[in-house]
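Before any comments, here is the structure.
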Amino acid sequence: MSIRKASVAAGLVASSLLLTACAPMQSASQAPEKAKNVIMIIGDGMGPQQIGLLLAYAKQAPNSVITDGNTAFDRIAANGRMGLSMTHANNNLVVDSAASATQLATGQLAGAEMIGVDKDGNSAESILEKAKKLGKSTGLVSDTRITHATPAGFAAHQSHRSLENEIAVDLLNNNVDVMLSGGLRYWIPESANDEQSAARQELEALSAGSVRIKSKRKDDRNLITEAQQKNYDLAFNRSQLAKADGKILGLFAYSALPNGITETQTKDDPARTIPTLKEMSAKAIDSLSQNDKGFFLMIEAGQIDWAAHYNDTGTMLHEMLRINETLNYVLDWAEGRDDTLIVVTADHETGGFGFSYSANDLPHGRDLPGNVFKDQQFKPAFNFGDVATLDTLYEQKSSYGDIFYSQFDALDKDQQTPANLARIVNAETGFDITDAQAARVLETEDNPFYTEGHKYLSAQTVPKMGVNGAFFTYQTDDNRQNLLAREVAEQQNVVWATGTHTNTPVLVFTQGPGDTSAPFGKVLHHTEVGQRAIEALED
Ligand code: MG
Ligand code: ZN
């Protein structure tokens with residue numbers, strides 16, 4: 001037998017064997033493989049660039065706190081599959097967090113800023129609601145507010161993300177078993193604003209003084225007592241959370257939970273009352289996994305987006321460390337299990353972030369031991385960035401938000417000078433600015449985008465953005481933070497393209513039993529990520 005014939009014959013045998021062996025598999029591949037539990041982890045604003053910041057810090061920073069250089073993203077990428085997903089809203093180039101969460105949750109296209117509604121304006125069933133129908137337990141965890149766009153997209157149906165009072169009612173009506181986040185202000189009656197009211201006294205007692213009691217509701221519904229009547233255990237601090245069991249409503253802040261820098265700084269403080277994102281996630285998994293039929297859980301690291309909107313690189317690094325810690329916990333929990341599909345993605349990229357090389361502070365020549373450089377020095381033409389910058393970013397002591405709102409704005413008006421801003425920035429960050437730079441940060445102009453009655457564009461005078469000002473849409477004092485970012489850009493080797501979101505496709509990391517992660521290992525749109533996750537829910 002010739003070699004060619006032999007290989008053909010062997011091929012025939014092999015393919016008939018394959019056919020036999022694969023017959024049951026083929027029908028199985030038409031019906032996608034299933035998982036008892038689905039955990040979706042969303043880094044808000046976490047584009048490939050933001051993951052790149054974490055990877056650079058973990059693997060290149062001389063003093064990285066991730067001493068083995070191994071991130072949770074390395075782990076899940078090694079265990080499962082990676083895909084790339086487009087995020088745009090219906091008929092748009094770019095998406096916001098509400099439409100993106102809706103598309104991930106329902107598998108259907110949505111319009112910008114809609115919550116749990118399809119592109120035509122109809123209420124759309126979410127993966128959380130589907131899981132509930134299948135008898136599974138459900139949970140939402142976020143370090144922002146439970147009524148904020150990302151968690152809301154999974155369990156509320158409203159025309160606009162700003163309707164947080166209505167979203168709170170939807171979340172409660174939906175009976176989401178475990179809800180852990182901030183945003184108490186949308187859950188308590190308006191009358192609680194009166195210090196003498198019975199509602200106020202009762203809430204102070206329930207919360208043991210852990211959370212500021214102030215309502216943003218326009219009615220007297222007390223969703224906290226309504227939750228109690230629906231058999232929720234309530235938690236307003238860590239010790240209450242530790243004791244809670246079964247259905248849990250945990251609201252640990254008036255608005256958002258602390259930012260990543262504050263979380264890092266207070267983690268080991270025994271007096272800390274607010275749980276970390278990891279602690280909330282652990283509690284949610286603990287409680288939800290008691291259901292024999294399984295669970296669906298969405299965990300959001302929501303403040304990556306906020307740091308990125310402000311172009312605050314140091315804070316963003318701490319936000320990335322927060323999702324890293326949380327994902328590591330989830331991966332540890334899932335280790336050795338074959339019943340849980342984990343999907344990690346972002347809703348969009350924020351800021352158009354990147355380290356970049358520059359003409360500033362050009363490198364000096366230095367000697368290299370290699371042959372090729374024996375007669376000349378190694379001297380690249382440009383500044384490609386020093387890895388020590390990563391440690392300096394980590395060492396930032398306050399977020400840009402805290403620098404302006406908690407420190408600078410707290411000064412008497414006549415003390416709000418460039419010199420005082422420079423003093424604060426230089427004390428709180430490792431990237432010093434001069435008084436002249438601080439003066440540029442504080443410069444203002446007539447609002448070039450003034451729009452009467454607009455939530456964000458109605459200020460007459462705004463920080464002077466100059467180039468690309470239209471892309472810095474939060475034209476309140478917030479834009480001072482973006483201006484500060486521009487002043488330290490050269491020192492950080494960091495550039496930011498925008499104060500809003502970009503359409504950069506985001507990464508999708510999945511691991512799960514059997515081949516449940518296979519449908520995610522390709523180029524997708526977020527509606528498909530949602531559909532595939534829904535299909536993976538085991539009956
Ligand atoms: Mg969000
Ligand atoms: Zn955003």
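The values are calculated or read from the model by the stated rules, or taken from the named source; none is laboratory data. All values derive from a computational prediction rather than experimental measurement. Because the Cβ atoms are built from the backbone with ideal geometry, glycine has one as well, and the counts that use them run over all protein chains shown.
Looking at segment 168-254, what helices (runs of 4 or more DSSP H) fall wholly within it and have at least 2 residues that are closer than 23 Å to residue 272 by Cβ, in contact (Cβ under 8 Å) with a residue 24 or more places away in the chain and not assigned by TED's automatic domain parsing to the domain that holds residue 157? The qualifying helices (runs of 4 or more DSSP H) are 238-243. Checking every residue in segment 87-104 against the condition of being away from ligand 2 (no atom under 16 Å from the Cβ) and aliphatic (A, V, I, L, M) gives zero matches.
Scanning segment 344-388 for residues that are closer than 30 Å to residue 509 by Cβ and away from ligand 1 (no atom under 16 Å from the Cβ) yields 352, 353, 354, 355, 356, 357, 384, 385, 386, 387, 388. In segment 113-147, the residue that is farthest from residue 188 (Cα to Cα) out of those that are assigned to a loop (DSSP other than H, G, I, E, B) and of a type in the set (A, V, I, L, M) is 134.
One residue stands out in segment 273-302 among those that are part of a loop (DSSP other than H, G, I, E, B) and charged (D, E, K, R): the one that is surrounded by the fewest Cβ atoms within 10 Å (Cβ to Cβ), namely 292.
Working only within segment 335-373, note down all residues that are crowded, with 21+ Cβ neighbours inside 10 Å and more than 16 Å from ligand 2 (Cβ to nearest atom).
Matches in segment 335-373: 340, 341, 342, 343, 344.
Among the residues of segment 482-504, is any touching a helix residue (DSSP H, G or I) at 6+ places or on another chain (Cβ under 9 Å) and more than 30 Å from residue 438 (Cβ to Cβ)? Checked segment 482-504: at least one residue is touching a helix residue (DSSP H, G or I) at 6+ places or on another chain (Cβ under 9 Å) and more than 30 Å from residue 438 (Cβ to Cβ).
Note on segment 281-312: residues that are under 30 Å from residue 503 (Cβ atoms) and more than 16 Å from ligand 2 (Cβ to nearest atom) amount to 5. Only residues that are more than 16 Å from ligand 1 (Cβ to nearest atom) and part of a loop (DSSP other than H, G, I, E, B) were counted across segment 148-167, and they come to 2.
Looking at residue 530, is it away from ligand 2 (no atom under 16 Å from the Cβ), under 23 Å from the mean Cα position of the chain (by Cα) and either closer than 30 Å to residue 79 by Cβ or not in a loop (DSSP other than H, G, I, E, B) (or both)? When the stated conditions are applied, residue 530 passes them.
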